Amino acid sequence: MSQSMSRRDALKVVGASGALAAAGLPVFGCATSKGHSGLDAAKNLLVTPDGRDFNPVDRTLPHLAPRLFAGENPEKGHRVLWDVKAAVAAGGGKIPEPTERVPVVIVGGGLGGLFSAYFLRQHQPVVLEAQARLGGNCRAESWHGIDYAIGAAYFMEPAHGSPLGKIYAEIGIDKLWRVKGDEDPVLFEGKVHKAFWDGETDPARAPEIKRLHRYFLDVLNENGQVFPDIPILDPNKRAYIDSIDKVSFRAHLEKVLGGPLHPHAEKILSLYMWSTFACTFDEASAAAGLNAYASEFGEVFVTPGGNAAVAENLLCHLMRTIPPANIRPSCLAFDVAVKDDGVVVAYEDQNQQLCSIHAQVVVMACPKFIAGRILEDIEPERAAAIKRLRYNSYLVGNVLLDGPVEADVYDVFLLGDGHVDLKDIQKATDRQRSADAIFATFARPDKERTVLSLYRGMPYPEARTAVYGDDSFDTYRRDFENQLISESLPGLGIDPKRIVDVRLARFGHPMPVPAIGMIAEGVCDTIRKPFRERVFFVEQDNWAYAALETSAIEAVTYCAEVEKRLRA
C-alpha cells in the first residue's frame, strides 16, 4: 500500500476529527450504518413533503428513456441569474422579508453542500439546490437495478484510520465499493493492451514510456519526490507546490524527461485530462496534473452509480436527523446579503415564488461564478479572482447492453492509432469524441446486462453553446453511436447489436480548469477565504480542482469555522 500523502488520505493530515470535535461538531457516532436493508429503507426518505424525489440516483426511468439530456438543466439558472431584476419584477417587484430564521443555510446540494450539511446536521441546516435532484456533478441513473454514473465516477483510497475513511464506513459506503488497483488498459489500433506503461504499444521505445511511469510512481510514493497535495494541508510543501503550479503539466514532464513525450504518452495524457478535467495538459498546472495522474497508480474506489452513491448515502443519513422540509430542490438562491445580525438569502422556489430566509451563517457550496453573481458587496479582489476561474463542458454517454461482458477491467482509454494533433484543440477533441469507456457494472457485475459509460471532455469555451443547442441531443447521440459501432464496441469484443439504448448527460460548466498559477498566484487563497465571518465557501473550485476529496476537505476545514461562529 502506498504511503504517499495524496488526496485519498489528506484528511489524516488536517486532523479533521480533532478539529471538528474541538469545534463541537458530531463527526462520528450520531448516524450509523444499519447495513443494506437500513440504507434501502432510508432511500424512501429522499422525497420532499409534497412528494418530489430528490435522490441523486434517478431510479424512475423506463426501459427506454426519453430522448432528452440528463445532467445539468440550465434553464432556471439562466433565466434568474442572468437577469435578476426581471426575475424579481416577475415575482412581485421586491425581495420579500424573511419568513424563517435558522442557524445555517447551505447554498448548493452537490457533495460540498452535502458534506457540509452532514457535519453541521446538529444545527438542522436548510439546503437550497437549484436542480431537481441533489448531488451536483455526482448523480446517477438506473437501468433494471444497475446504477450508473452520469457525472463523477470514482474516488481515491482513504488512508486507514483517516476521518474520511471513517465517514465512508459511517454512511455505509465501505459496504458498496470495489477497489481498482490494476493499470487502466488502452484500446490501441483495435486491440486492448493491458500493459501500456510497460511499453506494450511500442516495444521498441518502451524505455521512454517506462521512465515516465517510474516518475509517476516515485511521486505517488514520495520516493525522492514530493506529492503535490491539493488542497494544500502541509505548509512545508507550499513553496514546492507553488513552483510546479507555475508551469504546465506537459512542460514539467518534458523537463523531467529532458525532451518531448512519446506520442502514445502524449495521447493518453491528453485523453486523461480531457476526460478528468475537461482541459488540456498544456492548460493544467503541473501541481494539479501530478496530483491527479500519479494517484491513478494507487488504489481507486468504485461504487455502483459512481460518486452518486456517496451523495445518496450522505443524504440517507442526513435525513435521519433533519426534517424533510429542510432539503429544498428546485430552489435557486439569487441574492445573499450579510446584515448586522446574520445573512439573508433570497431564492426562487420550485413554484417560481420568491422567498427569503435569515441565517446566522451561510455556506456557499455553489460554483464561484454563481457566488460572484449573488453575493452582495463582494470585494473587488475576490471578484477579480473569480473571473480568473474557467469552467469547461463535458458529455457522458451511457450505453445499455443486453447480456454480461467478460471483462474484469474498469476504465479503457480509446487510444486510436496513438497519435493526436493538438494544434486545434476543438478539432482534436471533436475528432476523438469520447476519450474513455468505463464499465459501470465493475463494482456490481450483472448476469443479464452491462452498462458502459463514455466520457467526452470538451476543453474549449464554444462547447457550452454547442451542448445547449436545440438539436444537440440528436447530434451528439449520433456521434456516440458512430464511435461505438465503428471503434469502441468492436475493439472491446462486444457486438454492437447488443445496444439497447444510449442515454446522454450534459454538463455545461461543472469543471473548474486547474489552470497554471491558480494556486501559486494566490487566486485560490482569495476566492476561498470567509466573507465577513458569516459566509463560508465549500466547493471543488475553491482549489480549481474537481474531486470528491476537495469538497470533503473544504467541508471539514470550514464547518469547524462555522461552528465557532455559531458559538460566538
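Across segment 310-337, the qualifying residues are those that are among the aliphatic types (A, V, I, L, M) and in contact with an Asp or Glu (Cβ under 7 Å, 6 or more places away or on another chain), and the one among them that is nearest to Trp197 (Cα to Cα) is Leu332. Considering segment 421-439 alone, what residues qualify as being of a type in the set (A, V, I, L, M, F, W, C), part of a loop (DSSP other than H, G, I, E, B) and closer than 19 Å to Glu296 by Cβ? The one that is of a type in the set (A, V, I, L, M, F, W, C), part of a loop (DSSP other than H, G, I, E, B) and closer than 19 Å to Glu296 by Cβ: Ala435. Among the residues of segment 175-191, those identified as outside any loop (DSSP other than H, G, I, E, B), touching a strand residue (DSSP E or B) at 6+ places or on another chain (Cβ under 9 Å) and either at pLDDT below 95 or of a type in the set (Lys, Arg) (or both) are Arg178, Val179, Lys180. I'm trying to understand the selection: among the residues of segment 556-568, which are of a type in the set (A, V, I, L, M, F, W, C) and part of a helix (DSSP H, G or I)? Within segment 556-568, Val556, Cys559, Ala560, Val562, Leu566 qualify.
Restricting attention to segment 440-470, which residues are assigned to a loop (DSSP other than H, G, I, E, B), under 23 Å from Ala140 (Cβ atoms) and among the aromatic types (Phe, Trp, Tyr)? Hits for segment 440-470 are Phe442, Tyr468. Pairing residues of segment 372-399 that are in a helix (DSSP H, G or I) with residues that are of a type in the set (S, T, N, Q), at Cβ distances under 6 Å and at least 6 apart in sequence or on separate chains, gives Glu381/Thr526; Arg382/Thr526; Ala385/Thr526. Filtered by the rule that a residue be within 27 Å of Pro62 (Cβ to Cβ), part of a strand (DSSP E or B) and not aromatic (Phe, Trp, Tyr), segment 471-516 gives Ile499, Val500, Asp501, Val502, Arg503, Leu504, Ala505, Arg506, Gly508, Pro510. Answer yes or no as to whether Arg250 is assigned to a helix (DSSP H, G or I), in contact with a Leu (Cβ under 8 Å, 6 or more places away or on another chain), free of Cβ contacts under 8 Å to residues at least 40 places away in the same chain and basic (Lys, Arg). Here the answer is yes, as Arg250 does meet what is asked.
The set of residues in segment 531-555 that are closer than 29 Å to Glu283 by Cβ and either in a loop (DSSP other than H, G, I, E, B) or among the aliphatic types (A, V, I, L, M) (or both) comprises Val538, Glu539, Trp543, Ala544, Tyr545, Ala546, Ala547, Leu548, Ala552, Ile553, Ala555. Can you name the residue in segment 257-293 that is part of a loop (DSSP other than H, G, I, E, B) and in contact (Cβ under 8 Å) with a residue 12 or more places away in the chain and is also nearest to the chain's Cα centre (by Cα) among such residues? Among those residues, the one meeting the criterion is Ala278. Per the listing Arg449, Arg464, Arg456, Arg478, the residue uniquely modelled with pLDDT of 95 or more and either within 21 Å of Ala546 (Cβ to Cβ) or in contact with a Cys (Cβ under 9 Å, 6 or more places away or on another chain) (or both) is Arg456.
If you check Ala86, Ala21 for being in a helix (DSSP H, G or I), within 30 Å of Leu233 (Cβ to Cβ) and modelled with pLDDT under 90, only one passes: Ala21. Among the residues of segment 62-106, which ones are touching a residue at least 12 places away in the same chain (Cβ under 8 Å) and under 23 Å from the mean Cα position of the chain (by Cα)? Correct list: Leu68, Phe69, Ala70, Gly71, Glu72, Asn73, Pro74, Lys76, Gly77, Leu81, Val105, Ile106. In segment 107-126, the qualifying residues are those that are under 18 Å from the mean Cα position of the chain (by Cα) and outside any helix (DSSP H, G or I), and the one that is nearest to Val344 (Cα to Cα) is Val107. Checked against the criterion of being out of contact with any Gly (no Cβ under 8 Å at 6 or more places or on another chain), crowded, with 16+ Cβ neighbours inside 10 Å and either under 27 Å from Glu406 (Cβ atoms) or touching a residue at least 40 places away in the same chain (Cβ under 8 Å) (or both), the candidates Ala505, Ala520 yield just one match: Ala520. So, Pro158, is that one free of Cβ contacts under 8 Å to residues at least 24 places away in the same chain and either crowded, with 20+ Cβ neighbours inside 10 Å or part of a helix (DSSP H, G or I) (or both) or not? No; evaluated as a whole, the condition is false for this residue. Of Asp182, Asp174, all but one fail to be farther than 29 Å from Thr557 by Cβ and among the acidic types (Asp, Glu); the exception is Asp182. For segment 199-210, the criterion of a residue being more than 14 Å from Gly298 (Cβ to Cβ), out of contact with any Phe, Trp or Tyr (no Cβ under 8 Å at 6 or more places or on another chain), part of a helix (DSSP H, G or I) and hydrophobic (A, V, I, L, M, F, W, C) is satisfied by at least one position.
The values are calculated or read from the model by the stated rules, or taken from the named source; none is laboratory data. Just so you know, these numbers come straight off a predicted model, no measurement behind them. Positions of Cβ are generated from backbone atoms using ideal geometry, with glycine treated the same way; all protein chains shown enter the neighbour counts.
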